[in-house]
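The structure appears below as structure tokens.
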Amino acid sequence: MNKVNYQLELEKIIGQITEKGEVPRLLMHSCCAPCSSYCLSYLAEFFKITVFYYNPNIAPKEEYGKRVQEQQRLILELPVKYKVSFAEGKYDPESFYKMAKGLEELPEGGERCFACYQMRLREAAVYAKENGFGFFTTTLSVSPYKNAQKLNEIGLQLSKEYQIPWLMSDFKKKDGYAKSVALSKEHNLYRQNYCGCEFSRRQAEKEFGRAGRDI
């Protein structure tokens, strides 16, 4: 089976809507301000975006609050063609721990993470469907630590289930990750040193020391 070039698929969709003169509404699930920076600067030229911040995996609560504030600040500061809106999902860590039960000891990037992708993207699909968005997507694929193929497989599955178009992407392509790092520095964004959940924090500290590593 040939590997899908998700960046190319994204460019095809952008080409189609540009040719038609359309500016669809896009619900973009975001994991954090640094990862969203490049995605927003890129896609807000073609879509009217609402950033959907749904991340019950993030711990502790203080870390979650800091990331929400940074996301909102970036939206206000980032120069874009079409104004970006913000919507916050419910912060319910218990739903994450329930989902992760039995998967706690698995390494980051495996089945626990895939289940977490599914949980967050399902919530995004529901919100997008209920609120009349033209597409939904996620910023997660900009990170070199996230599996773009799995993210798109889940997104396409949820697209069929909820009858809402999924915007395929692999935002790390075309130096997307490097651009997100540059934008983070430009806007002096808080750049966390672990993915978000306590399991990723423990693994980062074990592998990289107390300083962790930039996601």
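Quick notes on this one:
- Convex hull volume of segment 1-70 per residue (C-alpha atoms, cubic angstrom): 114
- More than 28 Å apart - percent of Cα-Cα pairs taken over segment 1-143: 21
- Dividing the convex hull volume of the alpha-carbon atoms in segment 99-156 by its residue count gives 74 Å³ per residue.
- Highest-first arrangement of 120-127, 94-101, 106-113, where packing means the average Cβ count within 10 Å: 120-127, 106-113, 94-101
- Highest average packing first - 39-46, 55-62, 139-146, Cβ atoms within 10 Å: 139-146, 39-46, 55-62
- The modelled label-to-label distance between ASP92 and GLU205, using points 7 Å beyond Cα along the C-beta direction, is 2.8 nm.
- Against the rule of thumb 2.2 N^0.38 Å, how large the Cα Rg of segment 134-200 comes out: 1.28
- Largest GNM mean-square fluctuation across ILE75, ILE154, ILE13, computed for the chain with C-alpha springs under 10 Å, falls on ILE13.
- Label-zone membership for segment 23-49, site LYS185, 7 angstrom Cα→C-beta point, backbone N under 17 Å: 34-35, 37-38
- Segment 96-215 gives an Rg/Rh value of 0.99, both radii derived from C-alpha positions and Rh following Kirkwood.
Values in this text are rule-based calculations from the coordinates and carry no lab data. No experiment lies behind these values; they were computed from the predicted model shown. Heads up, the Cβs are rebuilt from the backbone with ideal geometry, glycines too, and the neighbour counts pull from every protein chain shown.
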